[in-house]
Structure formats: C-alpha cells, structure tokens
Amino acid sequence: MTSQEQMDALFAEARRAADAAYAPYSHFRVGAALLADDGTVFSGCNVENRSYGLTICAERNAVLQGVAKGRRAFTALAISTPDSAGPVGPCGACRQVLSEFMAPGAPVRFGGSGEAVDTTMGALLPYDSLHELADS
C-alpha cells in the first residue's frame, strides 16, 4: 500500500522531472515518476520532436527507464504537468503501456499547477484485456 506521503514524494519527483522536459513545440512540459516494486523510483520527461509522432511521453519514458534497469512491476505513478492549471491525465498510448506493468489497483496521481487527481490504473484503463484474460 502506498501512503499519502509516498505519493506526495512521488509527485514532487515528477515535478522535478518535468523541469528537464524538451518541449520546444508545445511548450507543455510533463514529468512522470514511477515506483518499482523494490522501492526504486524511475522518472521520465516528455521529449518532443518536430515530427510529433516521434515524441516520447514522460510516462513511457519512465517505464522504459525502469525496464532498461530490469524492473517489470511498478506499484505507483505520479504525473506532473506544471504548464497546465488543471490536471491532465496520461494519453491512451501511455495508459496501454502502463497497464502492461501495473496492477489495476495501483495508485496514480496526476496534476498541473493547481489541483491533482488521485485514481488507480484500473480507473484509467477499465476493461483491460491483459488483466481480464488473466482473471478468467
């Protein structure tokens, strides 16, 4: 179980990661911090490209950092979008990739410069076939 203090620290790490974002086209920085099941935190930022389809989202960047270090299970995620007043959730591609490595009950927090939303991976991607097929 992830505590409120752990989620606060994870969100602060996501905010620091957003500072490293490369976003010269959208001017919309995103940072993500992902907690591995062994307690290691992996962070990532968005890296844009003038060919938008080649842009890497912060969330997938964090997952790839963890996988490159041999981790395969993540227990919590925080996403910071400091250039938005309100919370902005992860895109569909990121939700799909995250669901590969996170349980439906894993806590997720995302927020901008104002309020934040606390939810779960399962709420972000309901009816996830990977987990539904495993349960049948």
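Here, each number is a calculation from the coordinates, and none is a lab measurement. Here the structure is a predicted model, which means the values were calculated and not measured. Backbone-built Cβ (ideal geometry, glycine too); neighbour counts: all protein chains shown.
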Residue 70: surrounded by fewer than 21 Cβ atoms within 10 Å (Cβ to Cβ) and on the phi > 0 side of the Ramachandran plot, yes or no? yes
Within the stretch 1-41, can you find the residues that are hydrophobic (A, V, I, L, M, F, W, C), out of contact with any Phe, Trp or Tyr (no Cβ under 8 Å at 6 or more places or on another chain) and closer than 14 Å to residue 78 by Cα? 7, 9, 10, 11, 12, 14, 17, 18, 30, 32, 41
Just need a number here: residues in the stretch 1-30 that are in a loop (DSSP other than H, G, I, E, B), within 18 Å of residue 94 (Cα to Cα) and not small (Gly, Ala, Ser). 3
Checklist (1) within 23 Å of residue 5 (Cβ to Cβ); (2) over 11 Å from the mean Cα position of the chain (by Cα); (3) buried (at least 17 other Cβ atoms within 10 Å of the Cβ) applied to residue 117, failing item: (3)
